[in-house]
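Throughout, read-outs are computed from the coordinates displayed, never taken from laboratory work. What you see is a predicted model; the values in this text were computed from it and never measured. No Cβ is skipped: glycine too gets one built from the backbone with ideal geometry, and neighbour counts run over all protein chains shown.
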Amino acid sequence: MTVMASSSTSADRSPADRRTVDVFGIGWPLYKAEALVAALVVLVLGVLLTGAVGGASFAPAILAAAGSGVVVWWAARALHSRV
């Protein structure tokens, strides 16, 4: 059985790996976390607006959240790969 030990100190990481966020001990690229937060914000706003106008379907809110998450994912990934 092989055991692999890894260190997660920022001094040992390469510059590309320093743009990560620890989620439950696992390093996520920053663009993924940004996309997830953006999608959740859009989803919450969409649900609130749908409820405020008396809408019966939350499908537009879900589609808007998914779309914004994808757009932020790709845009942030492109921007972070340049730096």
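To two decimal places, what compactness ratio does the range 16-83 give when its Cα radius of gyration is scaled by 2.2 N^0.38 Å? List each step's numbers first, then the result.
Numbers: Rg = 14.6 Å, N = 68, 2.2 N^0.38 = 10.9 Å.
This ratio for the range 16-83 stands at 1.34.
Please list 3J(HN,Hα) in residue order for the range 64-80, calculated via the Karplus relation 6.51 cos²θ - 1.76 cosθ + 1.60 where θ = phi - 60°; whole Hz, with x for glycine and proline.
5, 5, 5, x, 5, x, 5, 5, 5, 4, 6, 5, 5, 5, 5, 5, 6
Provide the packing ranking of 35-43, 51-59, i.e. peptides ordered by the mean count of other C-beta atoms within 10 Å per residue, highest first. Don't skip to the end; give the middle numbers.
Working: 35-43: 16.9, 51-59: 9.4.
Final packing ranking: 35-43, 51-59.
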